[in-house]
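These notes concern the structure reproduced below.
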Amino acid sequence: MSTEKQLLVIAHRGAKGEAPENTLAAFRLGLEQGCDAIELDIHLSKDGELIVIHDATLDRTTDMKGAVNDLTVAELKQADAGSWFDEKFAGERLPLLEEVFDLTPPDVMINVEIKGSYGRKLEHALCALMKRKNRVHNVVVSSFDHKSLMFLKLLLPEAKIGLLYDMNAAKHSALADTLGLPVYSLHPNMKRIDTEDVREAIERGLRVYPYTINDEAQMQEAIDYGVSGIITDYPGRLNGLLDRQ
Ligand code: G3P
Ligand code: CA
């Protein structure tokens with residue numbers, strides 16, 4: 001992220017609207033559609049690996065059941081993570097975060113959302129992987145669990161952290177002070193912000209990446225607010241809109 005674009009197209013769980021969320025197929029499609037960044041969710045396997053999946057269980061997005069953290073990578077890799085969405089994606093596997101790092105060009109930002117709490121083992125594993133794969137500077141780590149972000153930032157001070165939240169704040173930019181540590185970005189629910197909130201945050205040097213915006217009218221509203229990026233299930237649709245500006 002050496003040169004910052006005006007507005008990042010951020011593919012939510014990949015191109016989630018058109019491919020099974022959080023799979024390599026969804027990330028490839030987002031990249032084909034010209035996304036600038038990928039948002040994904042991570043949990044920890046029984047053997048301490050970072051697995052890309054939204055829920056703490058396999059039930060909703062695979063053909064298996066049970067908690068992600070009760071299974072090893074070898075067991076998790078048995079799950080079909082594509083058929084539930086469409087038979088044409090049969091055989092898609094749950095990716096390791098490392099596999100997404102390997103797939104994604106270095107100029108595409110990755111927004112890793114920490115899901116679940118595993119006694120801080122997940123944060124340790126994430127910092128180690130970011131360092132090993134040279135992904136410290138083009139990853140933004142976000143979470144609704146702000147204590148997890150604080151812990152991560154103390155472990156790896158160069159890490160970029162993004163405050164994810166779904167609340168009505170009197171002053172959104174003030175949320176960045178609540179950690180007592182430098183915050184890179186705000187990730188608010190689009191329904192909770194207005195143009196003044198965004199202006200104030202940008203003036204403070206924060207990026208603002210609202211979620212999850214799928215229809216064109218709302219995309220245009222966010223663009224008019226001056227946001228730094230839009231998290232969307234349809235990166236191709238957003239790029240189409242931006243091309244017509
Ligand atoms: O990061 C934005 C958004 O992904 C947060 O909510 O539930 O889709 O992970 P969720
Ligand atoms: Ca997410």
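The values are calculated or read from the model by the stated rules, or taken from the named source; none is laboratory data. None of these values were measured; they are calculated from a predicted model. We place every Cβ from the backbone using ideal geometry, glycine too, and count neighbours over all the protein chains shown.
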Problem set entry | Selection status of I38, within 21 Å of E113 (Cα to Cα), crowded, with 17+ Cβ neighbours inside 10 Å and in contact with a Leu (Cβ under 6 Å, 6 or more places away or on another chain) | no
For this session: Just one of (1) in contact with a Lys or Arg (Cβ under 8 Å, 6 or more places away or on another chain); (2) crowded, with 20+ Cβ neighbours inside 10 Å trips up G48, so point out which.
Result: (2)
For this session: Select from segment 16-25 the residues that are away from ligand 2 (no atom under 11 Å from the Cβ) and over 15 Å from V112 (Cα atoms) and list them in ascending order.
Result: G17, E18, A19, P20, A25
Exercise. Within the set of pairs 6+ apart or on separate chains, which have a first residue in segment 225-238 that is on the phi < 0 side of the Ramachandran plot and charged (D, E, K, R), a second that is assigned to a helix (DSSP H, G or I) and at pLDDT 95 or above, and C-beta atoms under 9 Å apart?
Worked result: R237/E216; R237/M219
Problem set entry | Neighbours by Cβ (under 7 Å, 6+ apart or cross-chain): first from segment 172-185, closer than 15 Å to K147 by Cα; second part of a loop (DSSP other than H, G, I, E, B) and modelled with pLDDT under 95 | L175/A169
Exercise. Looking at S185, is it within 21 Å of E98 (Cα to Cα), surrounded by 13 or more Cβ atoms within 10 Å (Cβ to Cβ), of a type in the set (S, T, Y) and in contact with a Leu (Cβ under 8 Å, 6 or more places away or on another chain)?
Worked result: no
Seminar exercise, completed: So, first residue within 14 Å of F151 (Cα to Cα) in segment 105-120, second residue of a type in the set (F, W, Y) and away from ligand 2 (no atom under 16 Å from the Cβ), Cβ within less than 9 Å, six or more apart or across chains; the pairs are R120/F151
Exercise. So, of the residues in segment 35-56 that are within 16 Å of ligand 1 (Cβ to nearest atom) and part of a loop (DSSP other than H, G, I, E, B), which turns out to be nearest to L24 (Cα to Cα)?
Worked result: I53
Problem set entry | Matching residues, segment 11-20, being buried (at least 24 other Cβ atoms within 10 Å of the Cβ) and within 14 Å of ligand 1 (Cβ to nearest atom) | A11, H12, R13, G14, A15, K16
Exercise. For M130, which of the numbered conditions (1) free of Cβ contacts under 8 Å to residues at least 12 places away in the same chain; (2) within 16 Å of the chain's Cα centre (by Cα) fails to hold?
Worked result: (1)
Exercise. Looking at segment 199-245, which of the residues that are part of a loop (DSSP other than H, G, I, E, B) and hydroxyl-bearing (S, T, Y) is surrounded by the fewest Cβ atoms within 10 Å (Cβ to Cβ)?
Worked result: T212
Seminar exercise, completed: Reported set for segment 220-232 where residues are under 16 Å from D194 (Cβ atoms) and within 19 Å of the chain's Cα centre (by Cα) is A222, V227, S228, I230
For this session: Might you let me know whether segment 3-19 holds any residue that is in contact (Cβ under 8 Å) with a residue 40 or more places away in the chain and in a helix (DSSP H, G or I)?
Result: no
Problem set entry | Any hit, segment 142-165, residues being within 16 Å of ligand 1 (Cβ to nearest atom), over 30 Å from G48 (Cβ atoms) and not small (G, A, S) | no
